[in-house]
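Notes follow once the structure below has been shown.
The values are calculated or read from the model by the stated rules, or taken from the named source; none is laboratory data. What you see is a predicted model, and the numbers here were worked out from it, not measured in a lab. All Cβ positions, even for glycine, are placed from backbone atoms using ideal geometry, and neighbour counts span all protein chains on display. The accessibility values were calculated without ligands, DNA or RNA, using every heavy atom of the protein model including side chains. Shrake-Rupley method; radii C 1.70, N 1.55, O 1.52, S 1.80 Å.
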Amino acid sequence: VLTCALPIYGKMAEASKGKDTTTGHWELAGHISERAMPVFPQGFPEEVLEPFIKETGRGVLCNRPYSGTQVIADYGKEHIRTGKWIVYTSADSVFQLAAHEDVISVEELYEACRKAREILKGPYGVGRVIARPFAGEAPSFYRTSRRHDFSLKPGGLVLPEVLRTSGYDTIAVGKIYDIFAGVGFDAPHRTRDNKEGMEMTEALLEKDFRGLCFTNLVDFDMLYGHRNDPEGYAGALTEFDRWLGGFLPRLKEDDCLVITADHGCDPGTPSTDHSREYIPVCVYSKKLPPRAIGVRNSYADLGKTIADWFGVGEGLDGVSFDEVWS
């Protein structure tokens, strides 16, 4: 239960084909994806691996769906011995590249991801290429905080692009800038965890800007949802709730806060994958009267609503909340 009552509330179903991070964020921003991004449950084909090996000068290990922590436990020693990349995927549309920071520099890892991003197009156009640096010694390898995502550009018009074109500020906190491949956003404010994301958002509350601040709190999904840790998830939610209790009273008269999600990731189910659950949406502003939005047919309704509030909603998918209330 949230510390402060949020007057506009409801839930939204995903209309896009897919349930990954990229697809969910694009839909929240007013673009419904008609085609699911490709997944590779058998690993990546030679048409992808051959040019990648040629471009990077290193071989590959694994090349199959794997847990991010387990893959470095199982392949870390061989990676250190051979200098080969650890390539793996998941149930999501991702090409993940792991390398020990003492074996391959983070800069080389990022450059390899950029090369992979150029290769992974068309039928192989995964949503994200993800750099996964790790450190430590066997059997205690651990992933470091210098992860970096290289996303596809949105497949259609999205809210930040519309806002920025119209002269509004667009601020990205956490991995938001990477998820949208920078489209529509000013310089990124990258963070390592929920705590930094909340601190950065709070700091930006003091900044005089007119537009959108889009924050992603990564721990709910990465640390607790995917690892089937409901106790950890509950703890993170409690921490966010306490923070929210201090944040809401500081909002100014013209400020508006939206709390939502980009997909389901239930920590209490046997699967560690994302799920096509309904997502919550809560909106707070001193100027908005209490209303229930019911069950929306698309995440895009939120992006369309926000764009309409700014007076720039043309071209986005979705149905504005205001069209129902009018």
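With respect to the conditions (1) open to solvent by 10 Å² or more (accessible area, probe 1.4 Å); (2) under 15 Å from the mean Cα position of the chain (by Cα); (3) under 17 Å from Ser93 (Cα atoms), Gly155 lacks only one, and its number is (2).
Within segment 230-249, the only residue that satisfies the criterion of being open to solvent by 30 Å² or more (accessible area, probe 1.4 Å), in contact with a helix residue (DSSP H, G or I) (Cβ under 7 Å, 6 or more places away or on another chain) and either within 30 Å of Ala15 (Cβ to Cβ) or at pLDDT below 95 (or both) is Tyr233. The set of residues in segment 135-152 being under 13 Å from the mean Cα position of the chain (by Cα) and either of a type in the set (A, V, I, L, M, F, W, C) or loosely packed, with under 15 Cβ neighbours inside 10 Å (or both) consists of Phe150, Leu152. Have a look at Gly68, Gly76, Gly59 and point out the one that is under 23 Å from the mean Cα position of the chain (by Cα), over 24 Å from Val158 (Cα atoms) and either open to solvent by 50 Å² or more (accessible area, probe 1.4 Å) or in contact (Cβ under 8 Å) with a residue 24 or more places away in the chain (or both). Residue meeting the stated conditions: Gly68. Candidates Glu47, Glu27: the one that is open to solvent by 20 Å² or more (accessible area, probe 1.4 Å), modelled with pLDDT of 95 or more, more than 18 Å from Tyr75 (Cβ to Cβ) and not aromatic (Phe, Trp, Tyr) is Glu47. When Gly313 is tested against (1) closer than 14 Å to Gly30 by Cβ; (2) within 20 Å of the chain's Cα centre (by Cα); (3) outside any helix (DSSP H, G or I), just one condition goes unmet, and that condition is (2).
Residues checked against (1) of a type in the set (Ser, Thr, Tyr); (2) in a loop (DSSP other than H, G, I, E, B):
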residue: Asp221; (1), (2): no, no
residue: Tyr224; (1), (2): yes, no
residue: Gly232; (1), (2): no, no
residue: Ala261; (1), (2): no, yes
residue: Glu277; (1), (2): no, yes
residue: Val283; (1), (2): no, no
residue: Lys287; (1), (2): no, yes
residue: Ala292; (1), (2): no, no
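Looking at this structure, is Asp102 within 30 Å of Gly30 (Cα to Cα), acidic (Asp, Glu) and touching a residue at least 12 places away in the same chain (Cβ under 8 Å)? Spelling it out, it is not the case that Asp102 is within 30 Å of Gly30 (Cα to Cα), acidic (Asp, Glu) and touching a residue at least 12 places away in the same chain (Cβ under 8 Å). Quick one: would you say Thr170 is over 22 Å from Leu109 (Cβ atoms), hydroxyl-bearing (Ser, Thr, Tyr) and either open to solvent by 30 Å² or more (accessible area, probe 1.4 Å) or modelled with pLDDT of 95 or more (or both)? For Thr170, the condition - over 22 Å from Leu109 (Cβ atoms), hydroxyl-bearing (Ser, Thr, Tyr) and either open to solvent by 30 Å² or more (accessible area, probe 1.4 Å) or modelled with pLDDT of 95 or more (or both) - is met.
Scanning segment 84-102 for residues that are of a type in the set (A, V, I, L, M, F, W, C), at pLDDT 95 or above and surrounded by fewer than 19 Cβ atoms within 10 Å (Cβ to Cβ) turns up nothing.
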